Amino acid sequence: MRRRNFLGASVGVIVGATQAWPKTAHGIFHLNTPLPPPDANDESFWKFVRMQFPLTHDRAYLNTGGLGASPYAVIDAVKNKMDELEKISETGHSEELWKEIKTDAARLLGCDWDEIAFTRNTTEGINIIADGFPLQRGDEVILTTHEHVANAIPWVEKSKTQGIVLKMFEPSLSSQQENIDRIEKLITSRTRLISIPHGVTTTGLIMPIKEISLLAKAKNIWFFVDGAQTPGMFPFNLHEMGCDAFATSGHKWLMGPKETGLLYVRKNMLDVIQAKFIGAYSDNGFDFAKQDLVLHPSAQRYEYGTVSIPLRVGVHAAFKFIEKIGIENIWKRDQALSTRLFNALREIPDIVLLSPENSSMRSAMITFKHKKIPYIPLQAHLDSYKLRTRGVGEAGLDALRISTHIYNSFDEIDRVLEGIRTAKA
Ligand SMILES: Cc1ncc(COP(=O)(O)O)c(C=O)c1O
């Protein structure tokens, strides 16, 4: 059988098919176009995917863990909606539309649409959680020593102002059982909440959320997951994972517009995690005169006031884009690129890998340090190779992190390796 060639599609015809390819203003791909089934092992397919991004070829962008690049499909969706709404100067607010977008998000995350609230970013979701749990002075919260500032600052503030006690463990890079055991050792009769990341920002370690959920349930402890780094990178199911709440950003691996996020709150937790920042759309009716309020029955209770509908429509386009390519295919590609990098770095004498050796514990974020060169000059050296990396100074690490996503290529990985090999102390 003749191999499909996706690049044929980009110039207007799908090779092997008679169908003409509907073009966008950029000459390529339209979200409503039926794609031939993608094949994660077909390089021409990934070249075709790369053409969907305006991202420059001059510089290799390897910081999806910080911020994802958006495809034209997302950018156009935002622009078109903004153009449409500005002609009539309306917000475009519609609970029907929100339900439609959340239904597509829920399919990707493995939950129900009414368990999702739109947020601006993971940080906002974390703050809703930190403010919403009914914690009392002396209650204990378990965190890792490798939190991103977003899951550190709100808890430090709670510790300073409300007397919440923070207990931390160093995540193990070699054993998931060890991670579960380290959490269990910190649990006391005052432990109320575990608040840890799904994908650890420093090392790319994937935490065993399902097993930690079981531990939390057995000990009657709430479990919140900082999910900034995983949706859009690999498939998972929140209901199966069993955590009580999960916050993420639309603008990282999901490739949505900047300043978009999602907060998942399990149905039976909606009345436990109090909505503190509320207003129009948070309610299901209120009576000002009688001072009566009924909160929205869904996670929409955590949303409030006028929002940007173009951004919500843009993140919707991102979910559709991911669904077209297939989250399993995305994971295969991200893993193929990051595994190539990991294995090659292992062969470079002065490099120390800080991401897990065991591939089942590893994400598409690879972190390493140079024995003789601090990360800042090393990053500057890689900059001169037009490589955008991310420095990792958290938890006392002096390292660099490379994220590999669907717009990256094996050639870019080779460029990273060349840059590292030529670095001089
Ligand atoms: C683990 C983790 N949590 C939270 C955040 C904050 O994300 P945002 O800036 O989108 O709120 C990040 C960003 O890199 C992260 O890596």
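What follows draws every value from the coordinates through simple rules; no lab data is involved. Just so it is clear, the structure is predicted and the values come from calculations on it, not from any experiment. FYI the Cβ positions are ideal-geometry reconstructions off the backbone, even for glycines, and counts take in every protein chain you see.
Multiply the residue separation of L186 and E211 by 0.36 nm, subtract the distance between their alpha-carbon atoms, and state the gained length in nm to one decimal.
So the chain would gain 7.4 nm between L186 and E211.
Using a cut-off of 23 Å between alpha-carbon atoms, which lysines can reach K167, once sequence neighbours fewer than 8 places away in the same chain are excluded?
K158, K185, K210, K217, K219
For K424, list the lysines whose Cα falls under 18 Å from its own Cα; do not include residues on the same chain fewer than 8 positions away.
Reachable lysines: K369, K371, K372, K386.
Can you tell me the mean projection area, over all orientations, of the convex hull of segment 85-321's alpha carbons? Units nm², please.
Dividing the Cα hull surface by four gives the mean projection, 13.9 nm².
With θ set to phi - 60°, apply the Karplus curve 6.51 cos²θ - 1.76 cosθ + 1.60 along segment 170-184 and write out the HN-Hα couplings as whole Hz, x wherever there is a Gly or Pro.
So the J values, rounded to whole Hz, are 7, x, 7, 8, 10, 8, 6, 4, 4, 4, 5, 5, 5, 5, 4.
Extension gain R59-A218, at 0.36 nm per residue separation less the Cα-Cα distance, in nm?
Here the segment from R59 to A218 would lengthen by 52.3 nm.
On alpha carbon coordinates alone, what is the Rg over Rh value for the chain, Rh being the Kirkwood radius?
When Rh is taken as the Kirkwood radius, the ratio is 0.98.
Report, ordered by chain and residue number, the aspartates and glutamates lying within cross-link reach of K79, taken as a straight Cα distance under 16 Å and ignoring same-chain residues fewer than 8 apart.
List returned: E90, E259.
With +1 on each Lys and Arg Cβ and -1 on each Asp and Glu Cβ, how big is the dipole of segment 64-162 about its Cα centre, in debye rounded to the nearest 20?
Dipole magnitude for segment 64-162 comes out near 340 debye.
Order of W253, W155 from fewest to most other C-beta atoms within 10 Å?
Neighbour counts put them in this order, fewest first: W155, W253.
Using helices alone, what [θ] at 222 nm do you get for the chain, with -39,500 (n - 2.57) per DSSP H run of 4 or more residues, divided over all residues and rounded to the nearest 500?
After summing the helix terms and dividing by the residues of the chain, the value is -11000 deg cm²/dmol.
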